[in-house]
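One structure below.
Every read-out reported here was derived from the displayed coordinates using simple, explicitly stated rules and does not represent laboratory data. Keep in mind it's a predicted model, so treat the numbers as computed, not measured. Please note: Cβ atoms are built from the backbone with ideal geometry, for glycine as well, and neighbour counts cover all protein chains shown.
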There are 6 protein chains.
Amino acid sequence: MTPIFFLFAFLLCTINSHVVARDFCVADLKGGVTSVGYPCKSPTNVTIDDFVFSNFKVGTSNQFNFSGAYAIVDNFPALNGLGFSIARAELEEGATIPLHAHVDADEVVIAGPGNYTTGFISSDNVVYIKTLTEGNIFVIPKGLLHFGFNAGKGKISTLYVLSSEKPSTQIVDLALFGSKLDSSIIQKTTFLDDAQIKKLKALFKGSG
Amino acid sequence: MTPIFFLFAFLLCTINSHVVARDFCVADLKGGVTSVGYPCKSPTNVTIDDFVFSNFKVGTSNQFNFSGAYAIVDNFPALNGLGFSIARAELEEGATIPLHAHVDADEVVIAGPGNYTTGFISSDNVVYIKTLTEGNIFVIPKGLLHFGFNAGKGKISTLYVLSSEKPSTQIVDLALFGSKLDSSIIQKTTFLDDAQIKKLKALFKGSG
Amino acid sequence: MTPIFFLFAFLLCTINSHVVARDFCVADLKGGVTSVGYPCKSPTNVTIDDFVFSNFKVGTSNQFNFSGAYAIVDNFPALNGLGFSIARAELEEGATIPLHAHVDADEVVIAGPGNYTTGFISSDNVVYIKTLTEGNIFVIPKGLLHFGFNAGKGKISTLYVLSSEKPSTQIVDLALFGSKLDSSIIQKTTFLDDAQIKKLKALFKGSG
Amino acid sequence: MTPIFFLFAFLLCTINSHVVARDFCVADLKGGVTSVGYPCKSPTNVTIDDFVFSNFKVGTSNQFNFSGAYAIVDNFPALNGLGFSIARAELEEGATIPLHAHVDADEVVIAGPGNYTTGFISSDNVVYIKTLTEGNIFVIPKGLLHFGFNAGKGKISTLYVLSSEKPSTQIVDLALFGSKLDSSIIQKTTFLDDAQIKKLKALFKGSG
Amino acid sequence: MTPIFFLFAFLLCTINSHVVARDFCVADLKGGVTSVGYPCKSPTNVTIDDFVFSNFKVGTSNQFNFSGAYAIVDNFPALNGLGFSIARAELEEGATIPLHAHVDADEVVIAGPGNYTTGFISSDNVVYIKTLTEGNIFVIPKGLLHFGFNAGKGKISTLYVLSSEKPSTQIVDLALFGSKLDSSIIQKTTFLDDAQIKKLKALFKGSG
Amino acid sequence: MTPIFFLFAFLLCTINSHVVARDFCVADLKGGVTSVGYPCKSPTNVTIDDFVFSNFKVGTSNQFNFSGAYAIVDNFPALNGLGFSIARAELEEGATIPLHAHVDADEVVIAGPGNYTTGFISSDNVVYIKTLTEGNIFVIPKGLLHFGFNAGKGKISTLYVLSSEKPSTQIVDLALFGSKLDSSIIQKTTFLDDAQIKKLKALFKGSG
């Protein structure tokens, strides 16, 4: 006779009943998105594979000095509701991450060996810049313009944690010169010269 | 050759991949409502028109001294997730906004020219009342009973920001006298006289 | 030799370090209040007594048919940050809880033996009313006007959970007739007769 | 003529329009779950019965010294979005609630007559334990291991409020000995002896 | 004899006790800021003046075609915890609001008479641009680059609601050319020509 | 003449005024903790060094097969309000992370080269276990019991992101056997044998 088992089963039943507990909310990517993310996949369909992401290995470098990988809710649904995502980059010597902002995410950089210079500008126009080496972590506050580049010899590797499971990135050059924004409006709102605008529009394939 | 373009495209790809970024969450009004609002309309279906609301012009005054306009998530889906909505009123001389509360929204009044008297009562029964003139902004805390009236000569105009994209309004007279609430219960729970209750029930079309 | 102990101590140290963990945030009632409640009492000063509230016994009935008790963050600091509080009432035969609203809290009533009639009015003026008996739980949504009364014979007991650790209560009669709100403004914004207003102002000790 | 009625109707219309106000969000249990709960049942389908829960009466005791009842969002949809649920237990003399944790909920115990001993262990391994009697309320912080037992003579009754509308409960014995977790892994990660593990696996019907 | 008064007083006492209710949290600007804003001013020191802001009148136009006013928590402490602030601008013919982003706030523009052209660029580089006239409201999602200008004849007036009680603004030109950011880093991360950078650094008083 | 500069300065002034913008909230560790973390250090005292953490290098292995490092808000104040922290471990061959739970944090493991077996048990007693290799990321939901061990040859390295800036860790063995919890209560609430309890109490230095 195992009265204890029944006692426990009862307790479980008392609290969790026949409903499956909601310990996690793995994204159902086919469900409609709300302002707080994806709906939950039915727990009965969740398996161990939902919690494992296997594509975070950095591949071979491409011709532009970059190799990268990222895990966000759209390719790793277990991140749904966790409030952060993870990215990784390898920068060949001389490589640069251009000026951009993550509109909905703080960024934490975990530097590997080498010299990675990164910086951000606050809204009162103070520049915070630092050359990181292995064992350094750096915080870039949400929404602020920032950049990074390999400041040393040889390839470097950096890891990023972003405080959004689906971070949004606005690259200034692409927003201005890779879009259809009219040149005269760019000139009026940035004070850049028309020739400069046209040159970069040509480079970034923008129109207008 | 434009290696920079590809570099940028790569970066964009690294972060945003094939998934459309979630910069905004315009309401899909046909989707099921949750406690945090409507689901997002697919970004690929969002156009410039989703961000523009064109019906905020105040019309001609009606026979009861009022003309109004409001923008909430149900008629302006771009407000989804923003946490506020906007309303506008024009009050003819003598017009009154009766005693009411917004159960889920703080209210900020932006006064136009003229004299608009408004007030609220705190839960410890202190009365905060003020006659506003142009250049005055007034805060009415969430959930508290409040009112307003044109305290001067001529028509006045007021603008309201409410801290909910779909604010709920409970008008005391309608709750009591425009509903089916039994007169004996009103009497018991408000200490109003039966004759007074019946008089206002007749006025506000209540039953019971 | 106990290497395992050191291994565990190391792990603990790795995660929690010398800093005291933040498992709970018992209110420091003398600290400044913020919009999210009281600051935390230093964990090193927290004792078992902080988690125990001993004054929830309902006393003997008073001459007005009531006896009550409540536990909110101000008399039970362990509720800080939990988002709810608890109250208890005993109503003698005929006792009534007058029309009121909790501006920041949903209310759940857990009925004891007897007949407790309670109801609320929604913002579209629908009346939801029910006579509860033992084994009934009733939900009153945040901010809406509601009331309750002993609808049967003999004394009854009710328990309340409110979704705020420091709920705010606005009683309509006290707001109007127990305050300094000017009678002419009450008349203008509620359509009550002046005689009725004056009668209730006398009863509830209001001025104006 | 009743101009006031129209004035009020106008006001109501101005704010709430044709859309049904969102005073509450009763769960549509058939809708897809998100990380913030169920979608709202259409207000037009909500009735008074949605706000009443009638199954909270404690039944007759079972053979294992327990009788219980609980109200969570899955059996009482009006709790959707309220952030808490309610449970009730009756413990015969000698009954014990085994070591467990609620991963997403603080717990508040409201003790009835008798002696109910309950305690929790903080993450820095301090034990907070207390024998409660009628008129005592006790707080158990979210996520921490805790337990309870009837420490006196005769049957006792306890009421619980949990700060989640669908709390999750992890019982240590069931997690370890009622699951398929491999015995060698249990041994390695808990330092329990193999014989002890096998004995409890037999009792709790675990495999591995 | 007024038993009802005492009954009500009792009820009030039961719920609110001797503690002052927390209907609002007017900012104590001298208190330490937290990530959720300022601490609350003691309710006993709050007066009607705390709820009124009197400096929202637009002044006379300056020589640069602008006149403006704004109400944020720092000059209108009653906005503390409300989650939005309000600004107002008058733009002379030809005036332009340069490219900028609000890192923590959605923006809603309420257009006055005239033609106000405003636009934003999404993170996938789509341009959303519109010329607004009186009776138009426009939403600019949080964090995205945007701009505005007077597109017609004569002076225009615009009102803004921002979904932060203390919005942060990053102006691209000032961040790059009004700061100490090194010219070579600007060149490397924006692909602007050195001559262009130096020209704008001279204009905006930047160094580096 | 540089009218544009003044125009910009005006705009900046209009929005940010004399108040320092709140782009970030670096923890003032000496300020009183609230349920949402530390107060903000005054922005005027914040320097580049506040954003850099330099102690994340993993040291030499200790005699118990471990070496570790972690960055939480208490040693890296720039994490204040970001909602996550970062830890790193190196496990020699055979090393084990014992059964524990983080009461307030989801955990994401980023595996390095080698074989790291990790698993968690859900509240319905399903075991989710996986041996990770380089390029694998694994999610362990908040509050659930979990463990890890080096399952291969040689030393391995793992990185962790925890969804709390100050995560709390409860180790089951230490809670039970490293505390003062009475042996008879452990026996009653875990069904472990007295001899087993005493053996582990001796190992983990517990009393009672």
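Quick notes on this one:
- Cβ-derived FRET efficiency at R0 30 Å, residue E:207 paired with residue A:115, nearest 0.05: 0.80
- Each of residue E:49 and residue F:153 was given a label point 7 Å from its Cα along the Cα-to-Cβ line. The distance between the two points is 8.1 nm.
- On Cα atoms only, tilt of C:3-16 relative to the major axis of chain C in degrees: 40 degrees
- For segment A:144-159, the Karplus equation 6.51 cos²θ - 1.76 cosθ + 1.60, evaluated at θ = phi - 60°, returns couplings of 7, 5, 8, 7, x, 7, 6, 9, x, 8, x, 6, 10, 10, 9, 10 Hz by residue, with Gly and Pro reported as x.
- Ascending count of other beta-carbon atoms within 10 Å, so fewest first, for D:103, F:46, C:139, E:52: E:52, F:46, C:139, D:103
- In percent, rounded to a whole number, the relative contact order of chain B is 18, using alpha-carbon pairs under 8 Å and six or more apart.
- When its C-alpha radius of gyration is set against 2.2 N^0.38 Å (N residues), segment B:65-169 gives a value of 1.04.
- Here the Debye sum runs over all C-alpha atoms of chain C as equal scatterers in vacuum, and log10 of I(q)/I(0) at q = 0.09, 0.11, 0.13, 0.19 Å⁻¹ comes out as -0.52, -0.71, -0.90, -1.34.
- The alpha-carbon of residue F:198 sits under 17 angstrom from the alpha-carbons of these aspartates and glutamates, leaving out residues fewer than 8 places away in its chain: D:193, D:194, F:173, F:182.
- Within a straight-line Cα-Cα reach of under 13 Å, residue D:166 can be paired with the following aspartates and glutamates, leaving aside sequence neighbours fewer than 8 residues apart in one chain: A:23, D:74, D:104, D:106, D:107.
- Proxy reagent accessibility, fewest Cβ within 10 Å first, across F:97, B:129: B:129, F:97
- Cβ crowding within 10 Å ranks B:158, A:44, F:133 as A:44, F:133, B:158, fewest other Cβ atoms first.
- Paramagnetic reach from residue B:131 in segment B:152-190 [backbone N under 18 Å; point 7 Å along Cα→Cβ]: B:152-158
- Folded to 0 to 90 degrees: helix E:194-204 orientation relative to chain E principal axis, Cα: 40 degrees
- Kirkwood Rh, Cα atoms: Rg over Rh of the protein assembly as shown: 0.97
- Projecting the Cα atoms of C:70, C:45, C:177 onto the charge dipole of chain C (Cβ charges, centred on the Cα centre) puts C:177 farthest toward the positive pole.
- In this simple spin-label model, placing a label point 7 Å from the Cα along the Cα-to-Cβ direction at both residue B:29 and residue D:199 gives a separation of 6.8 nm.
- Members of C:130/C:180; B:142/E:41; F:153/F:205 lying beyond 23 Å, as alpha-carbon distances in this model show: C:130/C:180; F:153/F:205
- For residue E:106, the residues 5 or more places off, or on other chains, whose built amide H falls under 5 Å of its own are E:142, E:163.
- Label-point spacing for residue A:199 across the identical copies (point 7 Å from Cα in the Cβ direction), in nm and ascending order: 0.9, 7.8, 8.3, 8.3, 8.7.
- Label 7 Å beyond Cα on the Cβ vector: residue F:184 copy-to-copy distances, nm: 4.0, 5.9, 7.7, 7.7, 9.1
- Label-point spacing at residue D:94 relative to the other copies reads 4.6, 5.1, 8.3, 8.3, 9.6 nm, in ascending order, each point sitting 7 Å out from Cα along Cα→Cβ.
- Normalised by 2.2 N^0.38 Å, where N is the number of residues, the C-alpha radius of gyration of segment F:38-120 stands at 1.35.
- Just so you know, the Cα atoms of segment B:119-176 work out to an Rg and Dmax of 13.0, 36 Å.
- Top positive-direction residue, dipole computed over chain E with Cβ charges, set E:189, E:113, E:98: E:189
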